[in-house]
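Derivation of every value follows stated rules applied to the coordinates shown; laboratory data play no part. For clarity, every value in this text was computed on a predicted model and none was experimentally measured. Here the Cβ is made from the backbone with ideal geometry for all residues, glycine too, and neighbour counts use every protein chain on show.
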Amino acid sequence: MEVNEVFDKVKNLFVDELGIEAEKVTMEAKLEEDLDIDSLGIVEVVMAFEDEFEIEIDDEELTDVGTVGQAVNLLHSKL
Amino acid sequence: MSKRRVVITGLGTINPIANNVSDTWNGLINGQSGIGSITSFDTSDLPVSFAGEVKNFDANEYMGKQQARKLDKSSQLSIFATEEALKDANLNTEERLGPNVGIVFGTGIGGIGSTEQAVRTFDERGASRINPLAITQLMPNSSTGQVAIKYGIEGPSLTITTACAASANAVGEAKNMIQNGIVDMVIAGGTESGTTAMTIGAFAQIRALSTNNENPKEACKPFDKDRDGFVMGEGSTVLVMESEESAINRGAEIYGYVAGYGATTDAFHITAPAEGGKGAVVAMRKAIADAGLTIDEVDYINAHGTSTPANDKNETAAIKTVFGERAYEIDISSTKSMTGHLLGGGGAFEAMVSVLTLKNGVIPPTINLNNPDEECDLKYTPNNAIKKELSTAMSNSFGFGGHNGVLVFKKN
């Protein structure tokens, strides 16, 4: 799967599952500041990723994930 | 030193009759029932298929999907009702209310719908798939916390879970907080959204609910000989309460006074009222005394009047014990005949009804009261509202657990 395809799937998840406005979801968007995803929300996001991409994500892998782009790259590396 | 007087300066509500105060009041005085067949889930396996559901409320549309999905419905309704109450009190909902404002909310079963959903997910998909928001949705103090966050309420907060007396206790405790000078303003209210398949099933198991599935609007008939149980309702009602001085200083319009509060416990049985409503009697007497009134000065009683055989008989007996011969002269009504039983949200709703009754000089009726019961022989305002100038009102709320919360209101 190409990076842009992963991004599209991530964007759809954010919009459809979490109710985030589509235009806010860019590669540069910061999860907490721009998308209002707090620590509880991150757990939800991870669960949604795991279901959508049929992968498992360890908590340690999330340490450096602060933007949509970083999440997309993490997912891309695991597929 | 005389005690500070406590006033109500804002009201907000969402309930089975309507989604604002003015439509709710018009519905009540026109005898409009908010009860109907349940639309939010499949009732085919249940012995009871009707309730008082909130209508025309789309949380995604109201607060945005990102916020709505974080909150249990009981909290969504709390925020909706608080918004109306704060605006009604002429408070700025864009500014934080700060540390001189407290919040006291009552609820019977909190985020029970979210609890059920989390259990289902756990059973079907295991622990790793439980919604990480589940705890924050299901905890009974969730509404209190969410409303406090939204409006920046930084003073003391309490969540009261005395079942169907919860938000009467909330209004009473809020009154005491203000009267004792702890804060100048308290956002007091109640919420419940317990109309789920499991709770309907469970309440039906203890034979607490009416089973009149054929005629939902006529099912709740407080004090009627043919009453056969209560009807579940959902909703939230919020009161802005403050010291009279605070209201005058900021030029707020005053609905009326929360003048008296009495709270007792039956300490008898977990569901049944004590014989003759013994605990209720003491709570009424305490509330009347706290308001500085005598039994001759209570003009109207908004009864607990659930439409269960036991409550209505015992409440009637308790009123007679408190008021003696005068019991037969006092105007009484049970607005639960129209809303159903809002459980932990009932006390705040009926506090609102009580002050509006005084302010507007109209007593809302007890609908569906057609066949008098010899054990319920007081003036229950059957079926039609009555125009009458009144000075004082009392509101009774009694909950499973044996909790009794009674409030007394004054017009001036």
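Check which residues have an amide H placed less than 5 Å from B:Tyr261's amide H, if you skip close sequence neighbours.
Amide H neighbours of B:Tyr261, under 5 Å, 5+ apart: B:Asp290, B:Ala291, B:Val408.
List the GluC sites (Glu not before Pro) in the stretch B:199-295 that DSSP assigns to loop (not H, G, I, E or B) and whose Cβ has at most 15 other Cβ atoms within 10 Å. Which are they?
Values: sites: B:Glu214, B:Glu218, B:Glu234, B:Glu242, B:Glu244, B:Glu245, B:Glu253, B:Glu275; in loops: B:Glu214, B:Glu234, B:Glu253.
Here the GluC sites (Glu not before Pro) that fit, given the DSSP loop and packing criteria, are B:Glu214, B:Glu253.
Of all trypsin sites (Lys or Arg not before Pro) in the stretch B:375-412, which ones are in loop regions per DSSP and have a Cβ with at most 13 other Cβ atoms within 10 Å? The partial results should precede the final answer.
Values: sites: B:Lys379, B:Lys387, B:Lys388, B:Lys410, B:Lys411; in loops: B:Lys388, B:Lys411.
Passing both the DSSP loop test and the Cβ count: B:Lys388.
What value, in deg cm²/dmol to 500, does the helix sum -39500 (n - 2.57) over DSSP H runs of n ≥ 4 give at 222 nm once divided by the residues of chain B? Numbers along the way, then the final one.
On the way: 14 runs with 139 residues, N = 412.
Rounded to the nearest 500, it is -10000 deg cm²/dmol.
Charges only on Cβ, +1 for Lys and Arg, -1 for Asp and Glu: so what's the dipole of the stretch B:260-410 about the Cα centre, in debye to the nearest 20? List each step's numbers first, then the result.
Values: 12 positive and 17 negative charges, 79 e Å.
With only Lys, Arg, Asp and Glu charged at Cβ, the dipole is about 380 debye.
In the stretch B:91-193, which trypsin sites (Lys or Arg not before Pro) fall in coil by DSSP and have 14 or fewer other Cβ atoms within 10 Å? Could you put the intermediate results ahead of the total?
Details: sites: B:Arg96, B:Arg120, B:Arg125, B:Arg129, B:Lys150, B:Lys175; in loops: B:Arg96.
The qualifying sites are B:Arg96.
Once you list every other residue whose beta carbon is under 11 Å from the beta carbon of B:Thr264, what net charge do they have if Lys and Arg are +1 and Asp and Glu are -1? Write out the running numbers ahead of the final one.
Details: positive: B:Lys278, B:Arg285, B:Lys286; negative: B:Asp266.
Its environment carries a net charge of +2.
Near B:Lys387, which lysines are there with a Cα under 19 Å away, not counting those fewer than 8 places off in the same chain?
Filter leaves B:Lys359, B:Lys379, B:Lys410, B:Lys411.
Could you tell me which of the pairs B:Lys3/B:Lys150; B:Lys55/B:Lys150; B:Lys55/B:Lys221 are separated by over 26 angstrom between their Cα atoms in the structure shown?
Numbers: B:Lys3/B:Lys150 31 Å; B:Lys55/B:Lys150 23 Å; B:Lys55/B:Lys221 22 Å.
B:Lys3/B:Lys150, as the Cα separations exceed 26 Å there.
Among B:Ala170, B:Ala318, B:Ala81, which one moves the most in a GNM of chain B with springs linking Cα atoms closer than 10 Å?
B:Ala318
Return the single residue from B:Gly152, B:Gly262, B:Gly402 with maximal mean-square fluctuation; model: Gaussian network over chain B, springs between Cα atoms under 10 Å.
In this elastic network of chain B, the residue with the biggest mean-square fluctuation among B:Gly152, B:Gly262, B:Gly402 is B:Gly152.
Please give the FRET efficiency for A:Glu52 paired with B:Glu244, using the beta carbon to beta carbon distance and R0 = 60 Å, rounded to the nearest 0.05. Provide the component values of the computation, followed by the final result.
Details: r = 58 Å, r/R0 = 0.96.
My answer for the efficiency is 0.55.
Charges at C-beta only: +1 for Lys and Arg, -1 for Asp and Glu. How large is the resulting dipole of the stretch B:7-256 about its Cα centre, in Debye rounded to 20? Before the final figure, lay out each step's value.
Details: 18 positive and 29 negative charges, 100 e Å.
Around 480 debye, computed over the stretch B:7-256.
Could you pull out every one of the lysines with an alpha carbon less than 17 Å from that of A:Lys9, ignoring same-chain neighbours closer than 8 positions?
Cα-Cα hits under 17 Å: A:Lys24, A:Lys78.
Among B:Leu378, B:Thr316, B:His341, flag the residue with its Cα farthest along the positive direction of the charge dipole of the stretch B:260-410, charges on Cβ as +1 for Lys/Arg and -1 for Asp/Glu.
It is B:His341, whose Cα lies furthest towards the positive end.
How far apart, in nm, are two points set 7 Å out from the Cα along the Cα-to-Cβ line at B:Phe122 and at B:Glu275?
According to this spin-label approximation, the distance is 4.2 nm.
Pick from B:Val362, B:Val353, B:Val281 the residue whose mean-square fluctuation is largest in a GNM of chain B, springs joining Cα atoms under 10 Å.
B:Val362
Name the long-range amide H neighbours of B:His341: under 5 Å, sequence gap of 5 or more, or other chain; modelled H, no Pro or chain starts.
B:Val231, B:Met232, B:Gly233
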